[in-house]
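The values are calculated or read from the model by the stated rules, or taken from the named source; none is laboratory data. Everything numeric here is computed off the predicted structure, so don't read it as measured data. Reconstructed Cβ throughout: ideal geometry from the backbone, glycine too, with neighbour counts over all protein chains shown. Heads up: the accessible areas ignore ligands, DNA and RNA and are worked out on the full protein's heavy atoms, side chains in. Shrake-Rupley method; radii C 1.70, N 1.55, O 1.52, S 1.80 Å.
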Amino acid sequence: SCGSVGARGACVLATCFGLLTTDSTAARAALADRLERATPAVRRVAGLLLLKALRDPQSGRSTRLGAMEGMGRLQSPDVPCDAGCGELRGALEDDDEAVAVAARLALARRRDPAVRAPLIADLGQGTEHLRCAAARALGHYVGHGEDGDVVGALVELLADPGPVVRNAAMAALQPVSARPAVAAALQRVGDSDRKRAGYALHQLGADPATN
């Protein structure tokens, strides 16, 4: 557990070691989830270790991607941009597109305005995995300030050929599902998608079986 006092050191080391050494996207996501649920003390120490890995010129590609995944889970719109945030911003122009994408996804968690437009562009290009990840990342902007460009792009994504991508778009739109234009778009989604996204339709007061 990352929450118990006695296990903090082991949690930090095991989590960070796993993030920095695995090539598995699923494994990195699971380990990063652990950081997101960790105590403030664990998060502080993990942040220092991940920052060191990001700054190390000897760090390989998988190490940098893992460090960014973890650092992203430590970001928050309520906290000023710190050293970790600065490193992520510096990676936005990385020659390795996978690294640049990882930086965009991480910074979305703090609603960084620098990655908003690039993430919207990601919705219309790349693999299904990238479109899905970008949709989830843009969900952090929905319902906060002027979000018309983000909401409009996510509504368009409801017509994506990939069901996983469409579901990600519906989940991202959930906070504003009562807006007339969004409600109408969700109602037009196919029956199978509506059943998988029942929580969004319930918020509209609609019954998936009768629409």
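Around ASP96, what is the net charge, scoring Lys/Arg as +1 and Asp/Glu as -1 over all other residues with Cβ under 14 Å from its Cβ?
Every neighbour counted, the sum reads -1.
Report, in degrees rounded to the nearest 10, the 0 to 90 angle that the Cα long axis of helix 8-21 makes with the longest principal axis of the chain.
The angle comes out at about 70 degrees.
Keeping all protein chains in place, calculate the accessible area per residue for the chain (probe 1.4 angstrom), answer in Å².
Computed with neighbouring chains in place, this is 49 Å² per residue.
Along each principal axis of its Cα atoms, how long is the chain end to end? Whole angstroms, biggest number first, please.
The Cα atoms of the chain stretch 54, 39, 31 Å along the principal axes, largest first.
From Cα pairs below 8 angstrom and at least 6 apart in sequence, can you work out the relative contact order of region 56-109, rounded to a whole percent?
Reported as a whole number, the value is 45 percent.
In degrees from 0 to 90, rounded to the nearest 10, what is the angle of the helix 128-138 Cα long axis to the longest principal axis of the chain?
The angle comes out at about 90 degrees.
In nanometres, what is the gap between the two model label sites at ARG55 and ALA41, each 7 Å from Cα along Cα-to-Cβ?
Placing both labels 7 Å along Cα→Cβ, they lie 2.4 nm apart.
How many percent of the accessible area of region 101-146 is carbon or sulfur, using a 1.4 Å probe?
Working: 1040 of 1970 Å².
The value for region 101-146 is 53 percent carbon and sulfur by accessible area.
In what order, largest first, do ASP23, ASP112 sit by accessible area if the probe radius is 1.4 Å?
The residues order as ASP23, ASP112, largest area first.
With the cut-off at 1.5 for a/c, could you classify region 88-129 from its C-alpha gyration tensor as rounded, prolate or oblate?
On the way: a/c = 1.84, a/b = 1.15, b/c = 1.59.
The shape class here is oblate.
Over the chain, what is the relative contact order in whole percent, taking alpha-carbon pairs under 8 Å and six or more residues apart?
Result for the chain is 12 percent.
For region 55-155, what does the alpha-carbon gyration tensor say about shape, rounded, prolate or oblate, given a ≥ b ≥ c as the root eigenvalues, a/c under 1.5 as rounded, and a/b over b/c as prolate? Can you show the working numbers first?
Details: a/c = 2.31, a/b = 1.37, b/c = 1.68.
Here region 55-155 falls in the oblate category.
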